[in-house]
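For reference, the structure is listed below as structure tokens.
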Amino acid sequence: MVGARANNLRDLTVEIPLGQLVVATGVSGAGKSTLLRSVLVGNLRGEPDRGACTRIEGGEVLSDIVVMDAAPPARSPRSNPATVSKAFDGIRQRFASTREARARGLTAGGFSFNVAGGRCDACEGAGEVVVDMQFLDDVRMPCEACEGRRYRPEVLQVRLNGLSICDVLAQTVDEALALFADDRKITRRLEPLARVGLGYLTIGQPLSTLSGGEMQRLRIAQALTESSSGCLYLLDEPTIGLHPADIEVLLDCLDQILDAGGSVIVVEHNLDVIRRADYVIDLGPEGGPGGGRLVVAGPPEVIAAHPDSHTGAALRALAQGGAAAAQ
């Protein structure tokens with residue numbers, strides 16, 4: 001990237017290696033998000049509000065650019081882990097193949113809550129009704145017709161291993177993996193969710209109830225089910241709110257994306273992530289008017305050795321603390 005000058009960036013020229021885990025560091029306001037989201041992604045996608053720069057070289061080799069932020073990967077308010085992972089397609093087919101479903105003339109579409117047929121007509125498969133309170137926040141109440149179960153009674157009477165479609169949607173990812181262990185079409189869609197540490201989510205849980213960190217991990221799980229070759233993934237502080245053990249899981253998943261031929265750029269302050277990076281771009285040295293410059297770039301050991309880098313100072317302190325603990 002040559003001559004980035006959006007916001008506080010000072011005609012910045014920086015190399016971003018592909019096929020590696022690249023971490024952008026620096027204090028708040030140093031220009032990390034401006035450089036990567038506004039300038040890099042904005043120009044590669046040709047967005048109208050992209051950040052100014054002289055040119056970006058090498059972008060033609062990328063097959064796609066994916067921003068893994070906290071925004072839901074699907075717009076429908078009914079979207080959940082089962083639908084966005086596409087595991088629900090196989091689950092509905094399994095229900096439709098039962099003797100009870102065939103006797104009732106139910107196809108896979110009859111077990112969808114997004115189309116008319118088997119879903120509750122009163123709430124249109126939402127399981128709840130929204131009461132308009134005019135000048136106050138809307139109130140959501142369970143649908144009286146289906147008691148929040150989303151489907152018509154005849155659909156709920158169809159059982160798979162003793163469970164209704166509503167019962168299956170109430171299972172966690174881990175439980176669903178055990179239930180459908182013999183069905184590779186379903187498990188290969190759910191396994192990435194477990195691999196990114198989301199095995200505790202119920203597969204029918206609305207995406208609107210997920211935290212920002214959970215949403216980013218859900219996007220990573222999607223990437224693991226698709227071809228990552230030639231794709232550039234950008235994540236903005238995905239470790240917020242994560243336990244150290246979950247951070248290790250996250251890093252292992254990013255390694256899998258890299259092994260599949262993808263490229264990963266992470267805006268991050270977490271030192272464990274920075275230490276695992278292949279290449280670090282440290283901006284600053286301060287925020288706002290005092291930022292927008294490239295302090296140092298290179299492997300983590302190069303950052304740690306730089307005297308003017310706040311990130312380098314933190315890495316040195318971490319190393320010294322670890323050495324002291326080992327004595």
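The values are calculated or read from the model by the stated rules, or taken from the named source; none is laboratory data. From a predicted model like this one, the values you see are computed outputs, not experimental measurements. Here Cβ is always computed from backbone atoms with ideal geometry, including for glycine, and neighbour counts include all displayed protein chains.
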>> Take the conditions modelled with pLDDT of 95 or more, in contact with an Asp or Glu (Cβ under 8 Å, 6 or more places away or on another chain), more than 30 Å from ARG149 (Cα to Cα) and part of a loop (DSSP other than H, G, I, E, B) and apply them to ALA52. Does it pass?
In response: no
> Across the range 3-32, what is the number of residues that are of a type in the set (S, T, N, Q), surrounded by 17 or more Cβ atoms within 10 Å (Cβ to Cβ) and under 23 Å from the mean Cα position of the chain (by Cα)?
Replying inline: 1
> If you check every pair at least six apart or on different chains, which have Cβ atoms under 6 Å apart with a residue in the range 286-303 that is touching a residue at least 24 places away in the same chain (Cβ under 8 Å) and in a strand (DSSP E or B) first and a residue that is surrounded by 21 or more Cβ atoms within 10 Å (Cβ to Cβ) and among the small types (Gly, Ala, Ser) second?
Replying inline: VAL295/GLY284; VAL295/SER309
>> If ALA108 meets every condition in (1) of a type in the set (A, V, I, L, M); (2) crowded, with 21+ Cβ neighbours inside 10 Å; (3) within 30 Å of THR209 (Cα to Cα); (4) at pLDDT 95 or above apart from one, which number is that one?
In response: (2)
>> Suppose the filter is over 29 Å from the mean Cα position of the chain (by Cα) and free of Cβ contacts under 8 Å to residues at least 12 places away in the same chain; does GLU147 pass it?
In response: yes
> For the range 238-258, which residues satisfy the criterion of being closer than 21 Å to PRO17 by Cβ, crowded, with 16+ Cβ neighbours inside 10 Å and out of contact with any Phe, Trp or Tyr (no Cβ under 9 Å at 6 or more places or on another chain)?
Replying inline: PRO238, LEU250, LEU251, CYS253, GLN256, LEU258
>> Which residue is surrounded by the most Cβ atoms within 10 Å (Cβ to Cβ), if the candidates are limited to the range 175-202 and must be touching a strand residue (DSSP E or B) at 6+ places or on another chain (Cβ under 7 Å) and in contact (Cβ under 8 Å) with a residue 60 or more places away in the chain?
In response: LEU201
> Among ILE240, ILE281, which is in contact (Cβ under 8 Å) with a residue 12 or more places away in the chain, under 14 Å from the mean Cα position of the chain (by Cα) and over 15 Å from ARG195 (Cα atoms)?
Replying inline: ILE240
> Of (1) at pLDDT 95 or above; (2) farther than 30 Å from GLY241 by Cβ; (3) surrounded by fewer than 14 Cβ atoms within 10 Å (Cβ to Cβ), SER164 satisfies all except one. Which?
Replying inline: (3)
> Within the range 111-137, which residues are modelled with pLDDT under 90 and exposed (fewer than 13 other Cβ atoms within 10 Å of the Cβ)?
Replying inline: VAL115, VAL130, VAL131, ASP132, MET133, GLN134, PHE135, LEU136, ASP137
>> Going residue by residue through the range 249-264, is there one that turns out to be in contact with a Ser or Thr (Cβ under 8 Å, 6 or more places away or on another chain), among the β-branched types (Val, Ile, Thr) and assigned to a strand (DSSP E or B)?
In response: no
>> From the list LEU62, LEU40, exactly one residue is assigned by TED's automatic domain parsing to the domain that holds VAL295, aliphatic (A, V, I, L, M) and surrounded by fewer than 19 Cβ atoms within 10 Å (Cβ to Cβ). Which is it?
In response: LEU62
>> Quick test for you: out of GLY230, GLY288, pick the one residue that is among the small types (Gly, Ala, Ser), under 27 Å from SER63 (Cβ atoms), outside the structural domain of ILE186 (by TED's automatic domain parsing) and surrounded by fewer than 16 Cβ atoms within 10 Å (Cβ to Cβ).
In response: GLY230
